[in-house]
């Protein structure tokens with residue numbers, strides 16, 4: 001979801017391009033990516049308590065969409081004008097719905113289904129390979145030129161994904177783990193597809209408002225699927241479990257998006273995007289501290305390669321594009 005805020009952000013001004021962001025910008029980035037990383041831990045804990053994946057994601061983003069409304073009201077504009085700004089037409093509704101289906105329903109549904117059988121840290125690494133696939137789809141669909149540095153980042157990131165998945169699970173007969181890894185990789189691909197669709201559509205709506213709509217649409221679809229599948233909350237859900245759900249839905253979802261949005265406003269998308277690799281890094285560290293799990297050596301190496309590739313893809317300007325383009 002952060003990619004919609006990223007791609008919908010305003011162009012950097014010449015002043016932003018000349019001067020480095022202030023220290024508060026980096027504090028916002030740390031807060032946003034820490035909260036993003038913590039969502040994997042909270043989600044894994046709730047899945048281990050027997051909460052069905054689709055039901056969990058549906059309620060998570062319905063609550064998160066509701067919690068986003070105060071952030072939209074902070075703009076001091078009428079809420080209706082923020083959610084449906086001038087320039088929006090009914091022909092944009094199918095595009096927003098498609099983004100919601102891809103970004104929330106497909107991305108988060110596949111992610112949480114995958115997390116049932118693989119560690120939260122591995123899921124985070126695979127999901128945040130998304131910018132690698134965005135660059136690839138941008139070349140194939142939007143015909144964006146890739147400079148040498150971005151192309152190197154793309155290759156490095158794809159090699160990292162191969163290492164993060166690896167043949168170990170298949171060779172050891174751990175087909176459930178392999179299926180989980182493929183679900184999380186599919187989640188990253190759906191995220192990239194949603195981002196590419198958003199870029200191509202160039203919707204006349206702010207990033208935070210678009211996040212509200214796509215969370216609302218995706219959550220309603222997921223809740224309908226959960227109801228059709230007969231999913232129910234497990235019996236004996238404790239106060240601690242509700243605390244983890246509250247953390248997942250509000251600080252780790254609405255809170256992280258809000259901080260990320262403010263960071264984009266203060267530092268620009270070009271500066272912010274290069275730090276997105278901190279989210280899976282926080283997920284790895286929190287997994288070790290809270291869940292007492294760690295990664296295999298090949299997954300550590302793959303995660304490092306993905307982080308390096310992500311950094312190169314986001315930091316290097318597109319060939320033939322102005323360096324200040326956000």
task = Quick one: residue 47 ticks every box in (1) part of a helix (DSSP H, G or I); (2) at pLDDT below 95 except a single one, so which number is it?
result = (2)
message = Tell me yes or no: at least one residue of region 210-218 is buried (at least 18 other Cβ atoms within 10 Å of the Cβ) and more than 24 Å from residue 32 (Cβ to Cβ).
response = no
request  = Can you give me the ranges of the helices (runs of 4 or more DSSP H) entirely in region 244-326 with at least 1 residues that are at pLDDT 80 or above?
outcome  = 256-267, 278-286, 297-315
remark   = Of (1) under 30 Å from residue 85 (Cβ atoms); (2) surrounded by fewer than 20 Cβ atoms within 10 Å (Cβ to Cβ), residue 152 satisfies every one except (1)
message = When you check residue 53 against the structure, is it under 24 Å from residue 210 (Cβ atoms), touching a helix residue (DSSP H, G or I) at 6+ places or on another chain (Cβ under 7 Å) and modelled with pLDDT of 90 or more, yes or no?
response = no
inquiry  = Between 116, 139, 91, which is surrounded by fewer than 22 Cβ atoms within 10 Å (Cβ to Cβ) and within 26 Å of residue 40 (Cβ to Cβ)?
reply    = 116
remark   = Expected output for region 272-293 (first residue closer than 27 Å to residue 23 by Cα, partner surrounded by fewer than 16 Cβ atoms within 10 Å (Cβ to Cβ), Cβ below 9 Å, 6+ apart or cross-chain) is 273/315; 274/315; 275/30; 278/30; 282/30; 284/294
task = Tally the residues that are part of a loop (DSSP other than H, G, I, E, B) and buried (at least 24 other Cβ atoms within 10 Å of the Cβ), restricting the search to region 119-134.
result = 2
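The values are calculated or read from the model by the stated rules, or taken from the named source; none is laboratory data. Quick caveat: nothing in here was measured; it's all calculated off a predicted structure. Heads up, the Cβs are rebuilt from the backbone with ideal geometry, glycines too, and the neighbour counts pull from every protein chain shown.
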